[in-house]
Structures are given as structure tokens and as C-alpha cells.
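Notes follow once the structure below has been shown.
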Amino acid sequence: MPIKRIRIQFRFLFMFITLFCVVTVGVAQSLSAFDHINKDRRFSASNYCIYPDSVVLKQTSPPAGKRPFYISHYGRHGSRYLSSRKGYDIPYKMLLKADSLGKLTPVGQHVMQQMEWIIQNSEGRWGDLSELGRQQHRGIARRMMMRFPEVFEGKARIDAKSTVVNRCILSMGSAIQAMVAKNPKLQVKMDASQHDMWYMNHQDKHLRDSMMTNTTEKAYNAFCKDREHNPRLMALLFNDSAYVREKVDEVWLNYYLLKSALIQQNTCIGDKIDFLDLFTDEDVHQFWQKENAWWYFNYGPSLLNGGTQPYTQRFLLRKIIEEADSCLLLRRPGVQLRFGHETIVLPLTCLLELNHFGYQTYNLEELEEQGWWACKVFPMASNIQFIFYRESPFDEDVLVKVLLNEEEATLPIKSDVAPYYHWSDFKEYYLKKINAYEQGH
């Protein structure tokens, strides 16, 4: 065969392989929420999702001469136990009463016994950080140091703050422990005080009171109407359909049983609980849709209640900006770490409009298609990292890059060096946004 013909055939083969790879990647990136759930039901757990098992540290090279020199951070506590017994008691007591009347099937009795075991295992640990939660924060800390070693050299300063909640304090301790193990010379300061709660975990009464309006409640109930009943599950658990109709709150039993199963991935007994298998992929998907919509109008930018809920975190964002400005004056500013909750991470992400999470709509049906998936923002140990770059302490053109759960994020700001943004543009955009809200309220 002539060499020229071989080259032509090879060229077509190369083009085919390239096209196949592009199509394959495109398909992978366009997986629906249902596809993710079909691959791994744990994806549906909303704020009970565990942090990704493996994090690929892809990084766009900074502009020539720019080096990381300061990190500002806010992170959620790691994996935890259920925060109170109520979430278990609701389904357990329904099953226990039915069992006392002989109304449970063998499957129902098995689920009831597993619920008893879960409660016994969790007793005295309500809301506590699990060992998995500690591991998550140690891993995030190690990767931060590996990714930005310049910031952690020698006697770099680490200023860490936590909310006053135990699981957040222990998350902070786990991260610091990993950092000091890697560099014992670090100068560490840790604090957890009510003094800082005004911005670390701000509760805005005005905005909280406007979360659930009549309009919002009506729209949410309509959204959930065809997604909350599960007669197939009731038939698996109970041997008397009349008893179910008259005595069982089917909606709450379906909801709390599924939540009880999903949170176990965060504890040491997750692989020993099997009643998640009672639910179909469609059951789990509908649960995910309801949870996603609930988080959207309570903490996201939903127009159903004015689109202002993310402004609960205006004090935190202003504090991050002000502290960064102070640190930029230092020759070696180091790292500022903050540890809190998903109820902060999600609205802060929306306020920053990271990765299209500032998307606003009245229609809850649009969220899934538009990619507004809260579970991608606030898994256990979720975090937002602001990485600052400059050439030298005298460089006035400071750049910032934002990482959402350690992945480069996009901002709603024009930049000639994206995913890096000029700090002056960052400040101008967000301070203007915050000020406009405050002036109007």
C-alpha cells in the first residue's frame, strides 16, 4: 500500500478517534440528575451527600510571573450523624405501632429492626462529626498544601475560625492537624467564639421570615404533589392496605425512610443498611427533585420569594473582602480558614453567582434542566477557596481564583485571564451588589 494512502487513512482514523472522544466527553458532562442517581443513589442525598471520593486537581496555569501567596476559605463541617433523633423516630414509631398490631410484612419488620439498630448506633452522637468527616477535612487540607505550597512555606500563618458548633470545631481541628503534620513550623491560631457568629453564621430575621411565603408554599406543594406518594413501598412494608389508608402518613414515612437510609453513607454503618434498595431509581430521583427545589427557594435566588435569600451572606462576603484587603498589605499573609455550615456555603455560592448558581426563575421545573443542583454545591465538607496571586508584595495587579469544592469556578465578571480575575474588579462587582441591596432594604 502506498505510503501516501496509509497517511490519509491514518489521518481519518485519528480524526474519528478524536471525534469519538469529544462526543464521549460531551455525553459524560451532560448526564442528567437521574443518570447520576442511576449510577450511584448516594447522589440524591442533597445536603447528606458525602464529599467526592476522588478530587482531580486540574489547574489552569496563572499568568506569567503570578504566584499564589494568600488563601481565604469558608468550608462546611465534614460528614456527621443525623442532627436529632426526630428524623428516625417519625418512621420508626409508625413501623413500631403497625408491628404491635400485626400489620407489618416480613420486609417491614426487617426495616423496623434496622431502624432500631441505627438509633442505637446514633444515640448520644446526634449531629456529631463522624470519622469520615475528619478524613474529609484532612484530605482537603493536604491537597490545599500540595496545590499551593508557596502559601504554606516555613512559618506561614494560619488563622482558623469556626462556628461554636462542635462538629465545625472538630472539622477545623482535623484540617489544622493535617497541615501541622506536613509543616510543623506553621504558626497556627484557632478560635471558635460567639464573637464572630454575626458573619460566620448570620441569621437574618427579615430574610428568614420571607423564605416561605404563600406564593412559595403554593408553588412548592404543587411541585411535590405528584412526587411524594409511594403506594408500591407501602405494599412492601404493610400487609393491610386499609390500615395504611387510615393510620399511616404515607408521605412522611416515604420521605423519612429515604432520608434515614441516605444519611448512613456518612457514618460507620452505611454499608450495613440495605433498605435503600426498597426504593426505585424514580423514587430516589423524585426525592432529589423535592429537596433541590426546597433548598432553592429557602437559600437560593428563587424569584418566588423575591430572589434575595443569598443576601443572608452579605456580611460574610464583605468580611472576606475586607480581611483580604488587610492581608494583601502583608508580605506573607498566609491562610484564613473558616468552618461552618451548608446553610452558609449554598447562599454564599449563589451570592457570588458561581457556576451559574445565581440562576433565577419562578418555575421550579426548570432547575434540573438548568443545572441548578444544590447537591453539587454543599456536600459534607464542601468549601469555597479564594486563591490570591501576585508577582511580588509590590504588585498592585492582584488576581484571585475561586475554587468550589476544589474545582475552578466561573464568576459573573469579565476577565482577560479567566478563571483568574482582577481583585479590583472582584471587589467592585460584589461591593456594588451588596451595597445596592442594603440601600434598598
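The values are calculated or read from the model by the stated rules, or taken from the named source; none is laboratory data. Model, not experiment: these values are computed from the prediction. Neighbour counts run over all protein chains shown; Cβ positions are idealised from the backbone, glycine included. For accessibility, only protein heavy atoms count, side chains too; no ligands or nucleic acids. Shrake-Rupley method; radii C 1.70, N 1.55, O 1.52, S 1.80 Å.
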Self-check item: Pick from the range 409-427, criterion out of contact with any Ser or Thr (no Cβ under 6 Å at 6 or more places or on another chain) and in a strand (DSSP E or B), ranking: nearest to residue 142 (Cα to Cα)
Solution: 420
Quiz item: If you go through the range 140-159 one residue at a time, how many are out of contact with any Gly (no Cβ under 9 Å at 6 or more places or on another chain) and touching a residue at least 60 places away in the same chain (Cβ under 8 Å)?
Solution: 6
Quiz prompt | Candidate set from the range 373-394 (those that are part of a loop (DSSP other than H, G, I, E, B) and in contact (Cβ under 8 Å) with a residue 60 or more places away in the chain); member that is most open to solvent (accessible area, probe 1.4 Å) | solution = 391
Practice problem: May I ask you to verify whether residue 136 is modelled with pLDDT under 95, open to solvent by 10 Å² or more (accessible area, probe 1.4 Å) and not hydroxyl-bearing (Ser, Thr, Tyr)? | Solution: no
Self-check item: Index of the failed condition, residue 253 passing every other in (1) outside any helix (DSSP H, G or I); (2) open to solvent by less than 30 Å² (accessible area, probe 1.4 Å)
Solution: (1)
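Check 353, 365, 342 and return the single one that is over 19 Å from residue 426 (Cα atoms) and open to solvent by 20 Å² or more (accessible area, probe 1.4 Å).
365
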Quiz item: What residue, of 20, 12, 16, 34, is modelled with pLDDT of 50 or more, among the aromatic types (Phe, Trp, Tyr) and either open to solvent by 90 Å² or more (accessible area, probe 1.4 Å) or assigned to a helix (DSSP H, G or I) (or both)?
Solution: 34
Quiz prompt | Pairs with Cβ under 6 Å, 6+ apart, first in the range 247-270 and more than 16 Å from residue 84 (Cβ to Cβ) and in contact (Cβ under 8 Å) with a residue 24 or more places away in the chain, second of a type in the set (D, E, K, R) and open to solvent by 40 Å² or more (accessible area, probe 1.4 Å) | solution = 265/42
